[in-house]
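Notes follow the structure.
Derivation of every value follows stated rules applied to the coordinates shown; laboratory data play no part. The structure displayed is predicted, hence computed values, not measured ones. With ideal geometry, Cβ positions are generated from the backbone for all residues, glycine too; neighbour counts draw on all protein chains shown.
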Amino acid sequence: MVRNKRSDEDPSNMTFGQLRDGIDECFKDFRNQSLLIEDCANWAALGANGASDSEREAVLELLRKSASQPSKQYGNLPPLRILL
């Protein structure tokens, strides 16, 4: 089960098909490719719980900005090199 901090992001009133379709819709936008599945699931739940399109777009913009920031946990690590 996806755990959420906010009740308006609670997917428990959605069917699996609705959740799947919402996640698919989120990832159709190329700008969302760096988001976590949980982010798109929460975005889908916002819509199911009555959030407006403009509210949901604002959430996506914040998530995209957050995803584009370097991780504070790992800093600016160099790209992984795979040696064969």
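Structure notes:
- Backbone geometry of region 31-46 corresponds, through the Karplus equation with coefficients 6.51, -1.76 and 1.60 at θ = phi - 60°, to 3J(HN,Hα) couplings of 5, 9, 4, 8, 7, 6, 4, 4, 4, 5, 5, 5, 4, 5, 5, 4 Hz, x marking Gly and Pro.
- Contact order for region 15-68, expressed relative to its length and based on alpha carbon pairs under 8 Å spaced 6+ residues apart, stands at 38 percent.
- Region 15-68 - charge dipole about Cα centre, Lys and Arg +1 at Cβ, Asp and Glu -1, debye rounded to 20: 140 debye
- The rule of thumb for compact globular proteins, 2.2 N^0.38 Å, goes into the C-alpha radius of gyration of region 15-68 1.02 times.
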